[in-house]
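This report refers to the structure that appears directly beneath it.
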Amino acid sequence: MGAREFEISQGAMLKIEALEGDSLRVRSGDVWVTQHGDARDYLLKTGDSITLSGKGATLATAYKPTLLDLYRKDPLAVREQIEREARRAQVREMRALFRRIFA
């Protein structure tokens, strides 16, 4: 399981493109978490954690300076997702280039 650390200043918002089964842990601070498609919101304090649905963006808003750890359930899936997004970006760029050339 891979982990990534995020430091959020008071009042700042972090957008997380989570995968199903990822988890978010508050190392220090307080954070308000809302997930796409989830009617509930969560107030997490130091030591709290939540398993993310991965069904869309997750937003974390800090009430005070906060340190979060995002644990990836499957780091290989993250790599594959990044590669897919890079291929899509290349396709978009090629289409735009062809439009400019042949327009």
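The values are calculated or read from the model by the stated rules, or taken from the named source; none is laboratory data. Bear in mind that the values here come from a model prediction, so they are computed numbers and not experimental data. A quick note on method: Cβ atoms are made from the backbone with ideal geometry, for glycine too, and the neighbour counts reach across all protein chains shown. Only protein heavy atoms, including side chains, enter the accessible area calculation; ligands, DNA and RNA are left aside. Shrake-Rupley method; radii C 1.70, N 1.55, O 1.52, S 1.80 Å.
For this structure, a couple of remarks:
- Furthest towards positive pole of dipole, T46, A12, L68, structure part the chain, Cβ charges: A12
- The chain, accessible surface, carbon-and-sulfur percent (1.4 angstrom probe): 52 percent
- Probe 1.4 Å, accessible area per residue of the chain, Å²: 68 Å²
- Note on the chain: with charges restricted to the Cβ of Lys and Arg (+1) and Asp and Glu (-1), its dipole about the Cα centre is near 520 debye.
- Full-extension gain in nm, T51 to E7, via 0.36 nm per residue minus C-alpha separation: 13.9 nm
- Anchor K73: lysines whose Cα lies under 25 Å away (excluding residues fewer than 8 positions away in-chain): K15, K45, K55
- Surface calculation, 1.4 Å probe, protein heavy atoms: T34 sits at approximately 40 Å² accessible.
- E20 exposes around 150 Å² of accessible area when a 1.4 Å probe is run over every protein chain in place.
- The chain: most fluctuating residue of G29, G56, G47 per GNM, C-alpha cutoff 10 Å: G47
- Contour minus Cα-Cα distance for K15 and L59 (0.36 nm per residue): 15.4 nm
- Taking each residue as 0.36 nm, the span from R88 to L43 lengthens on full extension beyond its C-alpha to C-alpha distance by 12.7 nm.
- Given a 1.4 Å probe and the protein chains as shown, R72 ends up with an accessible area of around 50 Å².
- Residue among L68, L24, L43 with the largest mean-square fluctuation in a Gaussian network model of the chain, springs linking Cα atoms under 10 Å: L43
- Answer label, with Cα extents along the principal axes in Å calculated from the coordinates and candidates [x] 40, 32, 23; [y] 48, 36, 22; [z] 56, 29, 26: [z]
- Relative contact order of the chain, defined on C-alpha pairs under 8 angstrom at six or more residues apart (%): 37 percent
- Using the rule -39500 (n - 2.57) for each DSSP H run of four or more residues, divided by the residues of the chain, the 222 nm mean residue ellipticity is -10000 deg cm²/dmol.
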